[in-house]
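Chemist: Below you will find the structure I want to go over with you.
The values are calculated or read from the model by the stated rules, or taken from the named source; none is laboratory data. Bear in mind the structure is a predicted one, so any value in this text is a computation, not a measurement. Don't worry about glycine lacking a Cβ; one is built from the backbone with ideal geometry, like all the others, and counts go over all protein chains shown.
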Amino acid sequence: MKKKYYSWQDVERAADSIVAQMCKDQWCPEYIVGINRGGLPLAMLLSHKLDTKMYTVDIQLRDGEENDCESNLWLAEWAFGYVDQEDRDTYKSRWDCNKRKKILVVDDINDSGATFNWLINDWQSSCLPNENSAWDAVWDSSTRFAVMTENLSSDFEQVRYSWDEVNKAEDNTWLVWPWETDRKKGKE
């Protein structure tokens, strides 16, 4: 199998590129959410470059199985602009668009789309039913997705910011990240 090796310099370049893309969009997150484990190095760099708070969420989907995924529903409430029960008489609604926080969700790769889709389904189930059209305003407006590498054959098409692209349907390349311990010296 063909392998593609990334260096720490590539991760730095990816962070710089994503910051530049956000500046071009005139969009800056108030919070960064790094997906454990692969998304944390890039999320941490973005957090430092943007001087923005960072949180982590543990979503582990391997080989189609869900392993101890961590629900961070309070982040969903921030993204959605959720209004607490005691304030609903004042707001006359379960959400307030002015309370929405801008959140950037970061992972190393959008491989199959399963991780981001899990997060979307988890967040949507916390505030309102999944079918509610109010969530349409959240995705890509107050909450955006960034990855170092975008798999063009992924089922998830909402990644807004990326640095590199692959198409695993056409070229089954194994990506090797600089934080992995199973790295060979030199490139094959």
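Chemist: Is it the case that some residue within region 85-97 is among the small types (Gly, Ala, Ser), modelled with pLDDT under 90 and under 18 Å from Arg160 (Cα atoms)?
Modeler: no
Chemist: Specify the residue that is farthest from Trp179 (Cα to Cα); the eligible residues are those in region 1-58 that are touching a Pro at 6+ places or on another chain (Cβ under 9 Å) and in a loop (DSSP other than H, G, I, E, B).
Modeler: Only one residue tops the list, namely Thr52.
Chemist: Enumerate the pairs (first residue in region 95-122 and within 14 Å of Thr143 (Cβ to Cβ); second residue anywhere and in a strand (DSSP E or B) and small (Gly, Ala, Ser)) with beta-carbon separation below 9 Å, excluding pairs fewer than 6 apart on the same chain, so at least 6 apart or on different chains.
Modeler: Close Cβ pairs satisfying both conditions: Leu104/Ala146; Val105/Gly34; Val105/Ala146; Val106/Gly34; Val106/Ala146; Asp107/Gly34; Asp107/Ala146.
Chemist: Test Arg100 against the criterion of being modelled with pLDDT of 95 or more and either touching a Gly at 6+ places or on another chain (Cβ under 6 Å) or within 17 Å of Trp27 (Cα to Cα) (or both), and give yes or no.
Modeler: Judged against the criteria, Arg100 is not a match.
Chemist: I need the full set of residues from region 11-24 which are touching a residue at least 12 places away in the same chain (Cβ under 8 Å) and surrounded by fewer than 17 Cβ atoms within 10 Å (Cβ to Cβ), in order please.
Modeler: Of everything in region 11-24, those that are touching a residue at least 12 places away in the same chain (Cβ under 8 Å) and surrounded by fewer than 17 Cβ atoms within 10 Å (Cβ to Cβ) turn out to be Glu12, Arg13, Asp16, Ser17, Gln21.
Chemist: Residues that are modelled with pLDDT of 90 or more and crowded, with 19+ Cβ neighbours inside 10 Å: does region 178-186 have at least one?
Modeler: Checked against the condition, which is being modelled with pLDDT of 90 or more and crowded, with 19+ Cβ neighbours inside 10 Å, region 178-186 yields no hits at all.
Chemist: Can you go through Asp155, Asp136 and tell me which one is of a type outside the set (Val, Ile, Thr) and without any contact (Cβ under 8 Å) to a residue 40 or more places away in the chain?
Modeler: Of the residues listed, the single one that is of a type outside the set (Val, Ile, Thr) and without any contact (Cβ under 8 Å) to a residue 40 or more places away in the chain is Asp136.
Chemist: Checking Ile32 against (1) within 23 Å of Asn151 (Cβ to Cβ); (2) among the β-branched types (Val, Ile, Thr); (3) modelled with pLDDT under 85, only one condition comes out false. Which one?
Modeler: (3)
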